[in-house]
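Chemist: Shown below is the structure under consideration.
Every read-out reported here was derived from the displayed coordinates using simple, explicitly stated rules and does not represent laboratory data. Just so it is clear, the model here is predicted, and its values are computed rather than measured. Quick reminder, even Gly has a Cβ in these numbers, built from the backbone with ideal geometry, and neighbours come from all protein chains shown.
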Amino acid sequence: SPYLSREQRARAARLAVEAAEGTPVMVGIGALRTERVLALAEDAQKAGASAVLLAPMTYQPLTEDEVFGLYEEVCRELSVPLCVYDNPATTHVRFTDELHSRIAHLPRVASVKIPPVPADPDAAGERVRALRALVPSTVTIGVSGDGSAATGLTSGCDAWYSVIGGLLPRTALALTRAAQGGDAAGAMALSDRLAPLWELFRRYGSLRVVSAAASHLGLAPEVNLPRPLRGLAPEARRQVVSALEDLDLGEDA
């Protein structure tokens, strides 16, 4: 979304809400300046979004008070729930647990999207419990990083904020339902089956891999990323296609 203009983002929000046909839609509103975030929040709400997702974006490093101030100002103007997007790999903003606690107690904050949990289930459970102790019980904790989804969901996370969910919904839903139904072994088995895809995410980045996958599955043109982003090189694209075919995921798209 940061690569799109305000007009493009507003149109994408409208199209998403229309296509969802009543399924709740959460729209990203991150931008460099607070006034732009507020304008994007207004557009998302006018489009019918059920919630918004806010990552703090920065050129100059932000202090904790500046990050808190962003969420405080935005929450003051919102009429829908907000999800805090903690994504240090992309934004280079690192949330402490204390900052998470401050923000989570603001009105309208309903969820926190955290980075991938540790691979070890005990360490993952400890991480989720530590954060859970600091945020209100009304605020959900959702894991990101698709390769850690099964571990996160079976270690106490309430949700999985997925990359593949929009592209391979049945696959993502099956993993989620297994985990939330108490079938940890089944969820891990589904995740392990997708290991070739997770490895490609780690190697090339999930955005570029999903871009290539969407093109291969006929859901997007071959060139579908905004410059200066570029799609995968031919050999990497072949690896993505091979993984999709080996996993027999074409029917899920």
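Chemist: Pop a pseudo-label 7 angstrom from the Cα along the beta-carbon direction at both residue 119 and residue 5 and give the gap in nm to one decimal.
Modeler: Between residue 119 and residue 5, the simple spin-label model gives 4.5 nm.
Chemist: When the label point is put 7 Å from the Cα of residue 60 along its Cα-to-beta-carbon vector, which residues of segment 90-117 have a backbone N closer than 20 Å?
Modeler: What the label zone holds, given the 20 Å backbone N cut-off, is 91-95.
Chemist: Can you sort 157, 75 by how many other beta carbons sit within 10 Å, fewest first?
Modeler: Least crowded to most crowded, the residues run 75, 157.
Chemist: Give me, ordered by chain and number, the residues 5 or more places off residue 112 or on other chains with an amide H under 5 Å from its own placed amide H.
Modeler: 84, 140, 141, 142
Chemist: Let me ask something else. Lys and Arg at +1, Asp and Glu at -1: add these up for the other residues within a Cβ distance under 15 Å of residue 107 and post the number.
Modeler: 0
Chemist: To make sure I understand, if each residue's beta carbon is the centre and we count other beta carbons within 10 Å, what order do 204, 161, 85 fall in, fewest to most?
Modeler: Listing 204, 161, 85 from fewest to most nearby Cβ atoms yields 204, 161, 85.
Chemist: I'd like to know which of 124, 101, 19 lies farthest towards the positive end of the charge dipole of the chain, counting +1 on Cβ of Lys and Arg and -1 on Cβ of Asp and Glu.
Modeler: Result: 19.
Chemist: Once amide H atoms are built 1.01 Å from N in the peptide plane, which residues 5 or more positions from residue 30, or in another chain, come under 5 Å H to H?
Modeler: Long-range HN contacts for residue 30: 55.
Chemist: Taking 0.36 nm per residue of sequence separation and subtracting the Cα-Cα distance, how much length would be gained by fully extending the chain between residue 223 and residue 126, in nm to one decimal?
Modeler: 30.7 nm
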